[in-house]
Number of protein chains: 2
Amino acid sequence: MKKFVNDPVNFVPEMLEGLALANPDTLKYEPKYNLIYRPNMPSNDKVSIIQGSGSGHEPAHVMAVGRGMLDAACPGNVFSAPPVEYCYETIKMMNSEKGVLYLVNNYQGDRMGWDMAKEMAEAEGINVKVVVIDDDVAVQDSTHTVGRRGVAGNFFVIKACGAAAEKGASIDDLVALGERVNKQVRTMGVALTSCTPPAKGEPIFSLGEDEIEVGVGIHGEPGRRRDKMKTADKIVSEMFDAVYTDLPFQSGDRVALMINGLGGTPVSELYLLYRKAALLCQEKGLTVVRNYVNEYCTSLEMAGASLTLLKLDDELEELLAAPAEVPIRVF
Amino acid sequence: MKKFVNDPVNFVPEMLEGLALANPDTLKYEPKYNLIYRPNMPSNDKVSIIQGSGSGHEPAHVMAVGRGMLDAACPGNVFSAPPVEYCYETIKMMNSEKGVLYLVNNYQGDRMGWDMAKEMAEAEGINVKVVVIDDDVAVQDSTHTVGRRGVAGNFFVIKACGAAAEKGASIDDLVALGERVNKQVRTMGVALTSCTPPAKGEPIFSLGEDEIEVGVGIHGEPGRRRDKMKTADKIVSEMFDAVYTDLPFQSGDRVALMINGLGGTPVSELYLLYRKAALLCQEKGLTVVRNYVNEYCTSLEMAGASLTLLKLDDELEELLAAPAEVPIRVF
């Protein structure tokens, strides 16, 4: 294993400490619960929006904490759900009179932890609601889920709910909004390589020199099938068809189009993938109103990418365009 | 070779086409010269700022084209300098009454091409000037350079000159500014893996399972030495010491601190590196006024990172904080 790491046990805390050191004015860090949160939060003027999942998907979700995005995130270890205690303490620390909304990708471990924390918080009179994200079209059930998995489409739920919360939306409105975004967003990913969690020290699965995993999950879970390596355009076409036909999208739809890198794929290749995806949108009569070509939800250093389409309407367009702040600096 | 690519011959054009498709309002693309440029440029109200180097370093430099950054970039093939013709046509297309400034990293191929293009343009009466960047402290001369190499510190020259150009600075002021930034910025990088140019189809060098290249160049050129893999903190300490002692920086200095990923290293690891770098700055009495943890200048999918320190003053602080636009979207 060649990674930038000290003692693997400290991988997540040291990453979080670095994140906090890099953002002294906009992020606070509570090491006891792996908690990254916005200073001056919670506020009784807005619903608190929080998330916690396994680490290893950065920038999701600790680097999505900021104005107009998440108010707090409490990751577990790499590819491990946060402990119930972290979820519970995060809900309590972010308790607002307007309520606390947690967003959770559909993985059994994450959902169980958050559901228990919700019950515990409700017993103390805290108003807690949930939106579950399950945008991955690759497989119906999987090794880690009943039902579909939640992957990069989660970004759009965060962005829309984060923007609406800043405008003062009620918790019921935010639940309805988050569920609407989730219903309109679809994703599929392809892995070219595996990845190695620091504490495990070896790859989580293996792929032959000319093999790819079509429909891979963000923890390396099997997708639809192993396939032989093929051209970028053919890979994009398969991801696009899977996503496009699933909603289904229709000619005339306005969409957001995301090419998300899985961690080890350079941005040059992501734009090469975007090219074909944009041409397919043109062919199908979809208007790409906003696009996203970067890393949003990764699997450590896995080489690969996912394609996400979100069907837009006037309200969603406005929410996606609203100002926001995240730690990642591009200039 | 497992990469997202169609015909390797089209790797760069298809990436650029994707970039243009993703930014129809803010970027234009001239396929004849691999040219990415801002619409409505050149303007006689400002000096045009341009760059061109080998591809494979993205986001440098085509994804640094935008308001307050570069006005145009004309990359060559992967790790190959742009042909003289591209440089010459870029200068001509970006000709402004206030002049054209090209920024060039100190590599023989890049400098030769741009110098010839400059002479050709000057013969036509165009006012062209140059700033050479050579921020890499790793080696004095290298396989690709006489003198030091130009690497991620280039970002700060672009940002400062781009911001000053928007405010109407003259070309002579911009040359002085760019040279001042270059004199105050230092970088060193470490590679954990090699990388594979699409057209070559095999790694450009090889590293053993437990080896790293300390002081690697952005085309995989040898650095100071091969070393055994060690902890992240030890690697950061070595990069920091090399950079810190070179200027030298001094207790009380205000600095910008950059941890730049080389393409295949996930952002989680970059923040873990940032942690140690920030602690070393505290130890040495440096105040980190601005920080940068992301990919700015890469080597395809190479796993690795570089550390850059820039000594700041009031003017540079203001220029780094000035608004800018780049294609990379973080929310």
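Key figures for this structure:
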{"read-out": "Test: B:ASN154 is buried (at least 22 other Cβ atoms within 10 Å of the Cβ), among the polar types (S, T, N, Q) and not assigned by TED's automatic domain parsing to the domain that holds B:SER299", "value": "yes"}
{"read-out": "Qualifying residue in region B:303-320 (condition: surrounded by fewer than 18 Cβ atoms within 10 Å (Cβ to Cβ), in a loop (DSSP other than H, G, I, E, B), more than 7 Å from every other protein chain (Cβ to nearest Cβ) and under 22 Å from the mean Cα position of the chain (by Cα))", "value": "yes"}
{"read-out": "Selection count, region B:40-61, where residues are over 23 Å from B:SER194 (Cα atoms) and either of a type in the set (Asp, Glu) or out of contact with any His (no Cβ under 6 Å at 6 or more places or on another chain) (or both)", "value": "12"}
{"read-out": "Selected residue (only one of A:LEU320, A:LEU280 is out of contact with any strand residue (DSSP E or B) (no Cβ under 9 Å at 6 or more places or on another chain) and not aromatic (Phe, Trp, Tyr))", "value": "A:LEU280"}
{"read-out": "Residue, nearest to A:HIS61 (Cα to Cα), within region A:3-28, restricted to residues that are in contact with an Asp or Glu (Cβ under 8 Å, 6 or more places away or on another chain) and within 11 Å of chain B (Cβ to nearest Cβ)", "value": "A:MET15"}
{"read-out": "Region B:126-150 - residue that is surrounded by 21 or more Cβ atoms within 10 Å (Cβ to Cβ) and small (Gly, Ala, Ser) and, of those, farthest from B:ASN106 (Cα to Cα)", "value": "B:ALA138"}
{"read-out": "A:TYR274 being more than 21 Å from A:GLU213 (Cα to Cα), of a type in the set (Ser, Thr, Tyr), at pLDDT 95 or above and in the same structural domain as A:PRO197 (by TED's automatic domain parsing)", "value": "no"}
{"read-out": "Residue ID - farthest from the chain's Cα centre (by Cα), chosen from residues in region A:200-225 that are small (Gly, Ala, Ser) and under 25 Å from B:GLU202 (Cβ atoms)", "value": "A:GLY208"}
{"read-out": "Scan of region A:245-266 for residues that are free of Cβ contacts under 8 Å to residues at least 40 places away in the same chain and surrounded by 24 or more Cβ atoms within 10 Å (Cβ to Cβ), ordered by number", "value": "A:PRO266"}
{"read-out": "Failed item in (1) within 22 Å of B:GLY125 (Cα to Cα); (2) in contact with a helix residue (DSSP H, G or I) (Cβ under 6 Å, 6 or more places away or on another chain), with B:MET94 passing the rest", "value": "(2)"}
{"read-out": "Selection status of B:GLN51, modelled with pLDDT of 95 or more and in the same structural domain as B:SER142 (by TED's automatic domain parsing)", "value": "yes"}
{"read-out": "Among residues of region B:149-202, those that are in a helix (DSSP H, G or I) and among the basic types (Lys, Arg), counted", "value": "3"}
{"read-out": "Which numbered condition A:PRO222 fails, given (1) at pLDDT 95 or above; (2) more than 8 Å from chain B (Cβ to nearest Cβ)", "value": "(1)"}
{"read-out": "Residue match in region B:271-281 (condition: of a type in the set (Lys, Arg) and more than 27 Å from B:VAL104 (Cβ to Cβ))", "value": "yes"}
{"read-out": "Residues of region B:261-281 classified as in a helix (DSSP H, G or I) and either over 23 Å from B:LEU316 (Cβ atoms) or within 9 Å of another protein chain (Cβ to nearest Cβ) (or both), total", "value": "13"}
{"read-out": "Unique match (being modelled with pLDDT of 95 or more and acidic (Asp, Glu)) among B:ASP115, B:ASP141", "value": "B:ASP115"}
{"read-out": "Test result for B:MET15, modelled with pLDDT of 95 or more, among the hydrophobic types (A, V, I, L, M, F, W, C) and surrounded by fewer than 24 Cβ atoms within 10 Å (Cβ to Cβ)", "value": "no"}
{"read-out": "Among residues of region B:282-302, those that are closer than 19 Å to B:GLU238 by Cα, under 17 Å from the mean Cα position of the chain (by Cα) and more than 9 Å from chain A (Cβ to nearest Cβ), counted", "value": "0"}
{"read-out": "Residue within region A:162-171 that is touching a His at 6+ places or on another chain (Cβ under 9 Å) and surrounded by 24 or more Cβ atoms within 10 Å (Cβ to Cβ) present", "value": "no"}
{"read-out": "Residue in region A:29-39 that is nearest to the other protein chains (Cβ to nearest Cβ), counting only those that are under 27 Å from B:VAL289 (Cβ atoms) and crowded, with 23+ Cβ neighbours inside 10 Å", "value": "A:ILE36"}
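The values are calculated or read from the model by the stated rules, or taken from the named source; none is laboratory data. All values derive from a computational prediction rather than experimental measurement. Don't worry about glycine lacking a Cβ; one is built from the backbone with ideal geometry, like all the others, and counts go over all protein chains shown.
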